[in-house]
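The values are calculated or read from the model by the stated rules, or taken from the named source; none is laboratory data. Model, not experiment: these values are computed from the prediction. So basically every Cβ, Gly included, is an ideal-geometry build from the backbone, and we count neighbours across all protein chains shown.
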């Protein structure tokens, strides 16, 4: 059985995170995990980020992100999707995350395409989707089926 630095089985730490999400007490759980030097897993990070996105707690998102980076927790397409959802009003941060996703070779562009397009449509920003369309053919396939993205691309050609 794999154990954490705190010698608690990893599945118990994961259950604690799950309970923290269910009870909307992520900050308390995160504090306890940090005090006991419990290493985070990608699944734990994603669960906490998901709860933070639901509650729109930017401060806690940044804290979880810093902690997970310092522990070397791998990011998946789901992780990037949650981080992108947490910063939908900050185009620069979205660009940084997309660049990091591409540089690290994380597969999951189809997961984040709709998030980026929705955020850009909401903000009226057409530059980010355009840059991504040039960067990868996957964006073309994903966005061609979306009426919202069609409106974004149509607005660019006017």
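Which of the residues spanning the stretch 93-111 are exposed (fewer than 15 other Cβ atoms within 10 Å of the Cβ), in contact with a helix residue (DSSP H, G or I) (Cβ under 7 Å, 6 or more places away or on another chain) and not in a helix (DSSP H, G or I)? Once the filter is applied, which keeps residues that are exposed (fewer than 15 other Cβ atoms within 10 Å of the Cβ), in contact with a helix residue (DSSP H, G or I) (Cβ under 7 Å, 6 or more places away or on another chain) and not in a helix (DSSP H, G or I), the stretch 93-111 yields only 107. Within the set 52, 87, the sole residue that is within 30 Å of residue 123 (Cα to Cα) and not assigned by TED's automatic domain parsing to the domain that holds residue 113 turns out to be 52. A single entry from 45, 29, 38, 61 fulfils the requirement of being surrounded by 16 or more Cβ atoms within 10 Å (Cβ to Cβ) and part of a loop (DSSP other than H, G, I, E, B): 38. Residues that are modelled with pLDDT under 90 and out of contact with any helix residue (DSSP H, G or I) (no Cβ under 8 Å at 6 or more places or on another chain) within the stretch 72-92 comprise 90, 92, listed in sequence order. Would you say residue 61 is assigned by TED's automatic domain parsing to the domain that holds residue 51, out of contact with any helix residue (DSSP H, G or I) (no Cβ under 7 Å at 6 or more places or on another chain), more than 17 Å from residue 126 (Cα to Cα) and modelled with pLDDT of 90 or more? When the stated conditions are applied, residue 61 does not pass them.
For the stretch 30-37, the count of residues that are in contact with a helix residue (DSSP H, G or I) (Cβ under 6 Å, 6 or more places away or on another chain) and in contact (Cβ under 8 Å) with a residue 24 or more places away in the chain is zero.
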